[in-house]
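Have a look at the structure below, then the notes.
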Amino acid sequence: MGKLMEGKAGLVTGAGSGIGRGSALAFAREGAKVMVSDIDEEAGKETVRLIEEAGGVASFFKCNVANEEEVIALVEATVSTFGKLDFAHNNAGIGSVTAPIAESDTSDWDKVIKINLYGVYFCIKHEIIAMLKNGGGAIVNTASDAGLEGVPNMVPYVASKWGINGITKSVALEYGKKGIRVNSICPGMTLTPAIEMWRNAAPEQAKAVEASIPTGKLATPEDQGNAAVFLCSDLAKQITGVTLPVDGGFVAGKLQQ
Ligand code: NAD
């Protein structure tokens, strides 16, 4: 079997770290040309280096997804560098400050919504404009298990991720007949640098979390990247509007203790 994304080109946001880096590496491994994008130039360029070291093709474009003009420039740069936009993984996102809503700060709400929700809105809007010129494409957004259920003490984050899943389903309905598919991945806790640090600092707590996951394991950035690649590949040509948990079964139900 050939590589899943041979001949395709696209972009990944927040690709300087964690899930975005795992995704960019997975798309490149499967033969895609990847525009690696991040607000952190050094981190993004390191992802490009890792892709090139593995024999893949990538380029870097700095973009703050909360700024519509920068998102327009990112999409244009991808099309001018690689000739087209076949896929996009809208992944950049941040967490919120942990607090019950009555103790929360509205400025945190603004910050999280601006990056997580406006970011995905700007990206999808301008990616679709490019994909329509190209005869179609596939988009995957990074939501979260927190976009499928309630989670205490992180209302801005939860609201942003439910919003991303709502956008995903609605835009899938709008553009299915124009050849554009839109899905989201909903990661459970994933071994990104921040989670690795927490696991090293609090191993007992981490063990308890792992025990609550049906597979008994935390996800890796590669697991998330593989799901994004699958959803953007032709293998998933009949899949759109899906919000796919990539969480070892965590949201499937409660484990009997
Ligand atoms: P991370 O912090 O390791 O990586 C996020 C990257 O996004 C960083 O490189 C950062 O520079 C970049 N970024 C931040 N703000 C940006 C902006 N405004 N514009 C462009 N880039 C920006 O985090 P991660 O855990 O890999 O998170 C990636 C996505 O996965 C996020 O949307 C997050 O909500 C989601 N997620 C993560 C987990 C997890 O357990 N790690 C679980 C569920 C969902």
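The values are calculated or read from the model by the stated rules, or taken from the named source; none is laboratory data. From a predicted model like this one, the values you see are computed outputs, not experimental measurements. Note that we place each Cβ from the backbone using ideal geometry, even for glycine, and neighbour counts take in every protein chain shown. All accessible areas refer to the heavy atoms of the entire protein, side chains included, with ligands and DNA or RNA removed. Shrake-Rupley method; radii C 1.70, N 1.55, O 1.52, S 1.80 Å.
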>> I need a count of the residues in the stretch 1-34 that are more than 8 Å from the ligand (Cβ to nearest atom) and of a type outside the set (A, V, I, L, M, F, W, C).
In response: 11
> For the stretch 98-115, how many residues are in contact (Cβ under 8 Å) with a residue 12 or more places away in the chain and open to solvent by 50 Å² or more (accessible area, probe 1.4 Å)?
Replying inline: 7
> Hey, among GLU149, GLU127, which residue is more than 11 Å from the ligand (Cβ to nearest atom) and either within 20 Å of SER23 (Cβ to Cβ) or crowded, with 20+ Cβ neighbours inside 10 Å (or both)?
Replying inline: GLU127
>> Considering only the stretch 187-210, I want to know if a residue exists there that is under 20 Å from GLN238 (Cα atoms), open to solvent by less than 20 Å² (accessible area, probe 1.4 Å) and not in a strand (DSSP E or B).
In response: no
> How many residues does the stretch 1-54 contain that are outside any helix (DSSP H, G or I), farther than 25 Å from ALA236 by Cβ and either among the aliphatic types (A, V, I, L, M) or open to solvent by 50 Å² or more (accessible area, probe 1.4 Å) (or both)?
Replying inline: 3
> So which of GLU174, GLU222 ends up being outside any loop (DSSP other than H, G, I, E, B), touching a residue at least 60 places away in the same chain (Cβ under 8 Å) and open to solvent by 70 Å² or more (accessible area, probe 1.4 Å)?
Replying inline: GLU222
> Restricting attention to the stretch 55-85, and to residues there that are within 11 Å of the ligand (Cβ to nearest atom) and hydrophobic (A, V, I, L, M, F, W, C), which single residue is surrounded by the fewest Cβ atoms within 10 Å (Cβ to Cβ)?
Replying inline: ALA66
